[in-house]
Amino acid sequence: MSEGLGKHGVAKDMEVEEAKKPLSTGAWIGISAVALVAGLLIGTFVLSGVVNSGSAVLGKATLSESDLDSVVATYTYGGQNVEITAKDVIQYVGYPQGEDGSYNVPSASEILSCAQDKLLLGEAEKRGITVTDDEVAEFAIQTIGESDFSVIASYYGLSEEEAKVRVSESAMISKLQNEVVSTEVPAGEPAPPAEPESGDYTEASPDYAEYIIGLVGDEWDSASGTWARTDGVYYAALADYDFTNESATYEAAEAAYNVAFEEYAEVYTEVTSEWEDFVRGIASKATIKINTMAS
C-alpha cells in the first residue's frame with residue numbers, strides 16, 4: 001500500500017463505505033476523541049533536548065531497516081525512563097516503506113504524539129484498565145469499520161499481531177478517557193434526515209415525523225400527539241412547523257436535526273476540553289529528550 005494510514009482506495013477484501021474508511025495519517029491509534037489532543041504536548045512536555053550526538057539516526061533524511069531500533073526520544077515520567085524507537089513512531093504514524101526499502105524520518109511532532117499515547121497507556125495500566133478481545137473487535141468496527149485484523153494488518157503494512165496491539169492500545173486509551181471524563185460522552189453524531197426524493201422540501205411524510213419524534217425525546221407526548229412542554233429547545237425550533245405523530249416535512253426534520261447537532265457539538269466540546277486538561281496534566285509531569293527532528 002502506497003498511502004500508509006492516509007485516505008485511500010481499499011483492497012477488494014476491505015471495501016467499506018466512505019463513512020467507514022480509516023483515518024488520516026497518524027490518527028488511527030488515537031481514534032475518536034482520543035486524538036483531539038494531538039499537538040498539545042509540544043507546549044506541555046518539558047523538552048530537555050532536541051539533539052543527541054549518540055543517536056544513530058541523527059542527520060539522516062531516511063531510515064533503513066537497520067535504523068528502526070534506534071532510539072529517537074526518551075521521556076521520564078514517575079521516575080521511569082521510557083525509550084521511543086524509530087520503529088515505534090513509524091508504526092504509530094503508519095509511514096509506508098519506500099521502493100528502496102527506506103522510511104521517512106519521524107518529525108518532532110510525530111514523536112511527541114507517539115510519546116503522548118505511551119504516557120496515556122501507562123496511566124491506563126496503572127489504573128488497571130484492560131480490554132477484552134470482544135471490546136477490541138467492537139472498537140475496531142466502530143472506528144475503522146473492520147474487525148478482521150489480517151485485513152487491517154495487510155492494509156496498514158503491519159503484522160496481524162502488531163495491528164491488534166495498536167487497536168487494543170487505542171481501545172484502552174478510549175476506556176481511560178471514559179473513566180476520567182465526567183461529562184457523558186455522546187453516543188454518536190446525529191444523522192441528518194434523508195432529503196425527499198421528489199425534491200420538494202415542503203412535502204410531508206410519516207418518516208420525517210418519526211425522525212423528529214426520535215430526536216425530541218420527552219419534549220413530545222406521542223400518546224396525545226402534541227408537545228409535552230413548550231419550554232424546550234425543540235419546541236422553539238419547530239413551533240412554526242406543522243408537525244404531528246403522522247406527518248412532518250423535511251424542513252421541520254432539518255430544523256430538529258440542527259438542534260440535535262448543536263447539542264451534540266456542545267457536549268462534545270465539553271468532553272474534549274475535559275480530556276485535554278487531563279492529558280495536559282499527565283504530560284506536564286513528563287520530561288522528554290528528542291534525538292532527531294525532521295522538518
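The values are calculated or read from the model by the stated rules, or taken from the named source; none is laboratory data. What you see is a predicted model, and the numbers here were worked out from it, not measured in a lab. Methodologically, a virtual Cβ is constructed for each residue, glycine included, from the backbone with ideal geometry; neighbour enumeration extends over all protein chains shown. Ligands, DNA and RNA are excluded from the accessible area calculation, which covers all protein heavy atoms including side chains. Shrake-Rupley method; radii C 1.70, N 1.55, O 1.52, S 1.80 Å.
Scanning the stretch 78-102 for residues that are of a type in the set (A, V, I, L, M) and open to solvent by 20 Å² or more (accessible area, probe 1.4 Å) gives a single hit, 82.
Of the residues making up the stretch 186-200, none is touching a Ser or Thr at 6+ places or on another chain (Cβ under 8 Å), at pLDDT 90 or above, surrounded by 12 or more Cβ atoms within 10 Å (Cβ to Cβ) and assigned to a helix (DSSP H, G or I).
Scan the stretch 87-110 for residues that are among the aliphatic types (A, V, I, L, M), touching a residue at least 40 places away in the same chain (Cβ under 8 Å) and either touching a Cys at 6+ places or on another chain (Cβ under 8 Å) or within 15 Å of residue 69 (Cβ to Cβ) (or both) and the total you get is 2.
Residue count for the stretch 102-128, restricted to those that are under 19 Å from residue 282 (Cα atoms) and either among the β-branched types (Val, Ile, Thr) or within 15 Å of the chain's Cα centre (by Cα) (or both): 6.
Taken over the stretch 89-101, the criterion of being in contact with a Pro (Cβ under 9 Å, 6 or more places away or on another chain) and either part of a strand (DSSP E or B) or under 22 Å from residue 123 (Cα atoms) (or both) is satisfied by 89, 92, 93. Residue count for the stretch 242-256, restricted to those that are surrounded by 19 or more Cβ atoms within 10 Å (Cβ to Cβ) and either at pLDDT below 95 or among the hydroxyl-bearing types (Ser, Thr, Tyr) (or both): 3. When each of 65, 146, 138, 123 is tested for being open to solvent by 40 Å² or more (accessible area, probe 1.4 Å) and in contact with a helix residue (DSSP H, G or I) (Cβ under 9 Å, 6 or more places away or on another chain), the lone residue that passes is 138.
Residue 267 falls short of the stated requirement of being among the β-branched types (Val, Ile, Thr), surrounded by 15 or more Cβ atoms within 10 Å (Cβ to Cβ) and either touching a residue at least 24 places away in the same chain (Cβ under 8 Å) or in a helix (DSSP H, G or I) (or both).
Residue-level check: of (1) farther than 28 Å from residue 188 by Cβ; (2) surrounded by fewer than 17 Cβ atoms within 10 Å (Cβ to Cβ); (3) aliphatic (A, V, I, L, M), residue 105 misses just (2).
Screening residue 139 with (1) without any contact (Cβ under 8 Å) to a residue 24 or more places away in the chain; (2) within 15 Å of the chain's Cα centre (by Cα) gives one miss only, at (1).
I'm checking my understanding of the structure. Among residues of the stretch 239-264 that are part of a loop (DSSP other than H, G, I, E, B) and small (Gly, Ala, Ser), which one is nearest to residue 227 (Cα to Cα)? Ranking the qualifying residues of the stretch 239-264, first place goes to 239.
Of note, residue 75 does not satisfy the criterion of being crowded, with 22+ Cβ neighbours inside 10 Å, assigned to a loop (DSSP other than H, G, I, E, B) and not polar (S, T, N, Q). Would you confirm whether or not the stretch 188-198 contains a residue that is without any contact (Cβ under 8 Å) to a residue 12 or more places away in the chain and acidic (Asp, Glu)? Among the residues of the stretch 188-198, at least one is without any contact (Cβ under 8 Å) to a residue 12 or more places away in the chain and acidic (Asp, Glu), which makes the answer yes.
In the stretch 205-240, the residue that is farthest from residue 262 (Cα to Cα) out of those that are among the hydroxyl-bearing types (Ser, Thr, Tyr) and crowded, with 18+ Cβ neighbours inside 10 Å is 208. The single residue among 167, 181, 131 that is open to solvent by less than 60 Å² (accessible area, probe 1.4 Å), touching a residue at least 24 places away in the same chain (Cβ under 8 Å), under 24 Å from residue 284 (Cβ atoms) and not aromatic (Phe, Trp, Tyr) turns out to be 181.
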